[in-house]
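The block underneath contains the structure these notes are about, expressed in structure tokens.
Just so it is clear, none of the values below were taken in a lab; they were calculated from the coordinates. None of these values were measured; they are calculated from a predicted model. Every residue, glycine among them, receives a Cβ derived from its backbone with ideal geometry; neighbour counts consider all protein chains shown.
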Amino acid sequence: MSALLYLEFKKLDRSKPLSLAEKKSLLSAYLKKQSTNPRHKIIKKKIKSLLATASKSQVDLELLFLEAINYFSDVPPTHLEEFFLMVKAIETEFGTTLMLSTPQKVDLNHKPGKPFLCALSEDLNAHFSQNGRLTSQVSFLARLSDYERSILLGVIAKFHRFDIQIDYQDENFIRFSLSAQ
């Protein structure tokens, strides 16, 4: 993965596309350098073998690595992966961290005057199956202005794998639930 990132940054530095030989050369040099790192000692021989095979043939190392990480796979992200992406987007939008609390123990006065977002659960893992599928609703409580609520709902709407249901709202708080579509 790091080799692919290295190559991508090299591509961005160039004004014209890299040829197959240039890509192979850059990836080979990067992998040779990385194989001397003590962290990669256990795979050093495999890296050397891969580079030796690649140098003798017309193997596209970039394509080989992309296939190894299933880059071209049409497998959609799991609900859990999508949930993490959604939480990250919400936290970034509001400049805060999503809290986790049971409904009975939530602190409604946490950081007054600032956005407050909380997942209401004892254990978020309990809402997801072993393969990352959302199996039960996740409830949230937020203290947001009307404008911030519309932003929150807009961010969540970008993640098409979840249905949102507004359970309660007043001038201070909104409580909603997410379930799988």
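List of remarks:
- Relative contact order of the chain, pairs being alpha-carbon contacts under 8 Å that are 6 or more residues apart, as %: 15 percent
- Compactness relative to 2.2 N^0.38 Å, alpha carbon Rg of the range 138-181: 1.09
- Value at 222 nm in deg cm²/dmol, rounded to 500, when DSSP H runs of n ≥ 4 in the chain each add -39,500 (n - 2.57): -13500 deg cm²/dmol
- Size of the chain as Cα extents on the principal axes (Å, biggest first): 69, 38, 32
- DSSP beta bridges in the chain [antiparallel fraction, %, rounded to 5]: 85 percent
- Within the listed set T92, T135, T36, the Gaussian network model of the chain (springs between alpha-carbon atoms below 10 Å) gives the highest mean-square fluctuation for T36.
- Exposed loop sites here mean trypsin sites (Lys or Arg not before Pro) with a DSSP loop assignment and at most 11 other beta-carbon atoms within 10 Å; the chain contains its longest site-free run at 15-104.
- The alpha carbons of the range 1-94 occupy a box of 50, 37, 25 Å along the principal axes, longest dimension given first.
- For the range 87-181: Kirkwood Rh in Å [reciprocal of mean 1/r, alpha carbons]: 13.8 Å
- Build a GNM of the chain with springs between Cα atoms under 10 Å apart, and of S129, S35, S101 the one that fluctuates most is S35.
- Longest site-free stretch - the chain; sites: chymotrypsin sites (Phe, Trp or Tyr not before Pro), DSSP loop, at most 16 other Cβ within 10 Å: 73-181
- √(5λ) per eigenvalue of the Cα gyration tensor, the range 17-60, largest first, Å: 21, 12, 5
- Within the range 1-23, backbone nitrogen closer than 18 Å to the virtual label 7 Å beyond the Cα of I43 toward Cβ: 1-8
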